[in-house]
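We did not get these values from a lab; they are worked out from the coordinates using the rules stated. In this text, all values refer to a predicted model and were calculated from it rather than measured experimentally. Don't worry about glycine lacking a Cβ; one is built from the backbone with ideal geometry, like all the others, and counts go over all protein chains shown.
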Amino acid sequence: MHSCSTEERCILVAMTETSNDIKADQHLDARGLNCPLPVLKAKVALNKMRAGEILHVEATDPHATIDFEAYCARTGHEIIRLTESDDVIEFFISRAENPKKI
């Protein structure tokens with residue numbers, strides 16, 4: 001199990017971030033974390049957010065794309081953008097109005 005090197009990397013930071021035309025309400029830095037931690041931390045963050053708010057997640061786990069796609073398919077959250085560059089995978093996830101419990 002991976003432990004964070006700095007406290008900042010594990011904390012969900014409330015912020016506004018834009019990536020082209022998407023404005024994120026929350027940001028989660030999950031770089032350096034391995035499965036299942038990126039999805040579990042995103043789940044905690046999304047549970048605290050309101051419907052329609054957007055969570056921006058940065059991850060480096062090579063399985064993150066498969067994990068987030070499966071999680072969102074099961075819960076009803078929507079990945080509105082997924083990009084990969086320099087080994088960092090970025091997800092912009094819109095919180096569902098009534099997410100399914102899993």
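Just check the range 37-97 against the gyration tensor rule for me: Cα atoms, a ≥ b ≥ c as the square roots of the eigenvalues, rounded for a/c under 1.5, and otherwise prolate or oblate depending on whether a/b exceeds b/c. Note, shape of the range 37-97 comes out prolate.
If the chain linking Arg74 and Asp21 were pulled fully straight, counting 0.36 nm for each residue of separation and taking away their Cα-Cα distance, it would gain 16.4 nm.
To the nearest 20 debye, what charge dipole does the range 17-94 have about its Cα centre, counting +1 at the Cβ of each Lys and Arg and -1 at the Cβ of each Asp and Glu? Result for the range 17-94 is approximately 440 debye, rounded to the nearest 20. How much length is gained on full extension from His63 to Ala96, taking 0.36 nm per residue of separation minus their Cα-Cα distance? Separation in residues times 0.36 nm, less the Cα-Cα distance, equals 9.6 nm.
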